[in-house]
Each structure stands twice: as structure tokens, then as C-alpha cells.
1. Return the pairs, sorted by first residue and then second, in which the second residue is not in a helix (DSSP H, G or I), the first residue lies in the stretch 138-162 and is among the β-branched types (Val, Ile, Thr), the beta carbons are less than 6 Å apart, and the residues are 6+ apart or on different chains.
2. Being within 18 Å of LEU271 (Cα to Cα) and exposed (fewer than 15 other Cβ atoms within 10 Å of the Cβ) is the filter here, so list the residues in the stretch 289-298 that pass it.
3. Which condition breaks for PHE104 when tested against (1) buried (at least 21 other Cβ atoms within 10 Å of the Cβ); (2) assigned to a loop (DSSP other than H, G, I, E, B); (3) not basic (Lys, Arg)?
4. How many residues, within the stretch 213-249, are of a type in the set (Gly, Ala, Ser), surrounded by 15 or more Cβ atoms within 10 Å (Cβ to Cβ) and not in a helix (DSSP H, G or I)?
5. How many residues does the stretch 153-182 hold that are more than 19 Å from GLU289 (Cβ to Cβ) and open to solvent by less than 20 Å² (accessible area, probe 1.4 Å)?
6. Quick check on the stretch 250-271: of everything there that is of a type outside the set (A, V, I, L, M, F, W, C) and surrounded by 19 or more Cβ atoms within 10 Å (Cβ to Cβ), which residue is nearest to the chain's Cα centre (by Cα)?
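The values are calculated or read from the model by the stated rules, or taken from the named source; none is laboratory data. Model, not experiment: these values are computed from the prediction. Neighbour counts run over all protein chains shown; Cβ positions are idealised from the backbone, glycine included. The accessibility values were calculated without ligands, DNA or RNA, using every heavy atom of the protein model including side chains. Shrake-Rupley method; radii C 1.70, N 1.55, O 1.52, S 1.80 Å.
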Amino acid sequence: QATGPKTAAGPKSGAVAPRPRAVAAAADMASPLYATVSAVQPVQLRPRRRSSRCHRFQRPSSTSLMRARLVAAAALVAAPAVVAPVAAAAGDGIGDTRCRNFLFEAHWFIRDGSLQTLTEAPGEHTNLRLCPAFNGIESCCQQTLEEEQSLHFNYWRQILTSKLQHIQANKAATQRIQEQDVFNAATPQDRQQFHWALREYDTVLDPAGHAQCFAALLSYTAGMLCFACDPRWEDKVQFSIGKIIRVRIAEGTCTNLWASCERFAGLAASLRQAVLDSRLAVQQSTPMENLEMFIDQEALCDWTHDAIALHPFTTPGEAEREATPPLPEMSRRVAAAASETSAGERHEEQQRLWQNFDAVKAGKASGFDISWDGVVGTDSAATRQACPRLLPLALALVAA
């Protein structure tokens, strides 16, 4: 019987002989991908099951190595796109990012594209009608953009109008309860509370109750639309992971906004309470319009920031489209004082507004029609402070 070593059968024709594990691991480690990824995720040794002779270590299999390297390589490729969108914007062939405000990304300048965009770089203009405060100084706006600004301003007017339309629908549904048997069987006290709720609806829907507040909201909106013109926009926003999470709104903006909306906020709270207190009015079938943003100054400031400041170029939903009439022709208003102001004075005004953006003040200086039912938002806080000083003079004139 032959005692020589056994020989393994040779591979079939065309087959590739498998590499030994040690040779495969060595080849993987010599690859450029391993050299790149190992710096991020070094290969760790794992203990082999203890033998009777020694405690040895072995490398993981070549499949495990390759899987770990591919995962780490994918992380290296994806990381720059996540953490540096601003750098990407600067590196896409256009070095000047001063006219690339992320709040208006859909209207960035594109060569050979639409003319209704921001400019490629800041420049001086003298024909801006909607944002005349930026005439004569460096600005990112051009007159061809004003059609888009006007369109989205009217969208916001529609959204506010739809709130009143929904409240009107709530009132109509409440009035229909009088035709039901439950109303005929109601007690005198229930009917009294029911009619009180109807009166509260009328108070909220009366322009005397809401016009000043809604005019102030339009001023805020107009100011944010003109924010697109500001080449120093990066000084007035806060970034997180490459996205704008906050516009640095001046404290006076919220104060003036609440001064104009405080009365309407009280009327909205009274309406809600009257409906909840009425056993009949609460049975109306339509969804109650959400007026929680007017509950206090903080809620109003947060809502205007999140809904308007962070999304100035918004589009109303289907509900708002159905509840409002077609867009009226935009009437542009250019204040005579703005046209008479020198370029130097406008530049100084912009310097004062650079660190924090006063949306209401910017809106009042704009050419948008910020009136609501003939009422223009006013600085109510300043008016209240001025009245006590004028009272003694008024009494003296009456006595004379």
C-alpha cells in the first residue's frame, strides 16, 4: 500500500481556485480603500477560542472587513453634503453668496434662467417699488422680482382672509341650530348663552375688532418679503446643520405686533369661551377655526416667526384657495418720505437694522398695500405712551 502523501484533485477547467483566508486578508489590507478607511475605523482583533497551548488572535473575515470599510467610506462621502451646504453653495461656480438667502432658495439667480429672481451679486438700483428702502444701496432685489413678491404677498392676504371665512362658516353653522328641535327644547338660560355666542362671532368678524391686527400681520409679511433684498442676511439668521432655524427678529417687532393684536386676541378668547359655555353653540358641525396663535404675545411672536419669517414665499393650501376670492390687482404704495430720503440716510438705517431684523418696521417702509379694510397698522405702543403727555395740553385747551 502506498504511504506517500495524498494529492488533492486539481480544479476543474475554467474554475478559479479560492484564495486562502490569510492571502485574501493581506490583499484587502493592501488596497487603497483599506488605507483610506482604516484611518476612520481601524481593524480590531478578536480573541480566538482559548486552546490548550496558547491564547491566539485572529483577524475578522475578509467579508466582515469589506462590509465595515464600505460603511465607513459611505459615511465619508455623505458627511460633507450634510454639514456644509453653505460651502457647497460657494463652491458651485458662484463665489458670492450674499444674494443666496436660503429662505428664498427657489428664487436664486440662475444664468440663462428666469428673470424673476434675485440678482447674482449685490448691486445698486433706483427703480425698486415694493422695497424702496433698498434703492441707492447694495441690494439683491431687482424690479423683475417684484411680480413674485407681489404674488406671495397676496397669498398671505388670502391666508388671513380665509381665517375670517372659516369663522363666518362657524357662525352660519351655529345659526342653523335654531332650526333644530334641540333649540326649541332649550331652557331660557341656554338660549341666552347661545345668543351671547352669536354676538361674540359678530364682534370678531367686525373690522373694528380685527383690521388693525391683520394690517400689522401684513406689515410683518411685507418686511419679510423685503428681507430677500438684504445682502447681509447671514448676520440676521441662525444656522443649524446648514439650515436656517431662526431669523433674528428685533424685540420691538414682537412688541409692536402684540400692541396691534392685543384687542383682537381678547375678542378671540371671549369667542372661544362663549362657545364652550353654550350647550347649544358648541353643537355646531363645522371645525372651529384655530386662533391659538393669538392667545398671548409669546404665542403670536412664535407663530409669525415659524409660519411667516421662515416661509415668506409660501402658497396657500386648497382650503385657503376655496375660502377666498381670486387675487385682486396689487396696488403698490410708495411713501413720499421714502422717495425723499437720501441714499446716505437709508444706508445708516440699514446699518441699525443689520444685527436684528425689524420686520414690522421694514414692512411699513415698503411699497406693499399693508392696509386691511382701510386700516393701516400703527405703533400702538408709541401711541399709548404719547397720549398721557398730550392729556394736560388737551385739558388746558378745553378750559380756555
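1. Listed pairs, sorted by first residue: THR144/LEU115; THR144/GLN116; ILE159/PRO316; THR161/THR324.
2. The answer is ASN290, GLU292, ILE295, ASP296.
3. Result: PHE104 fails condition (2) only.
4. Of the residues in that region, 1 qualify.
5. Counting residues in the stretch 153-182 that are more than 19 Å from GLU289 (Cβ to Cβ) and open to solvent by less than 20 Å² (accessible area, probe 1.4 Å) gives 2.
6. By that ranking, first place goes to THR253.
A quick yes/no check of all residues on (1) of a type outside the set (Phe, Trp, Tyr); (2) under 22 Å from ALA197 (Cα atoms):
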{"position": "SER278", "(1), (2)": "yes, yes"}
{"position": "GLN283", "(1), (2)": "yes, yes"}
{"position": "PRO287", "(1), (2)": "yes, yes"}
{"position": "ASN290", "(1), (2)": "yes, yes"}
{"position": "PHE294", "(1), (2)": "no, yes"}
{"position": "ALA299", "(1), (2)": "yes, no"}
{"position": "ILE308", "(1), (2)": "yes, no"}
{"position": "HIS311", "(1), (2)": "yes, no"}
{"position": "THR314", "(1), (2)": "yes, no"}
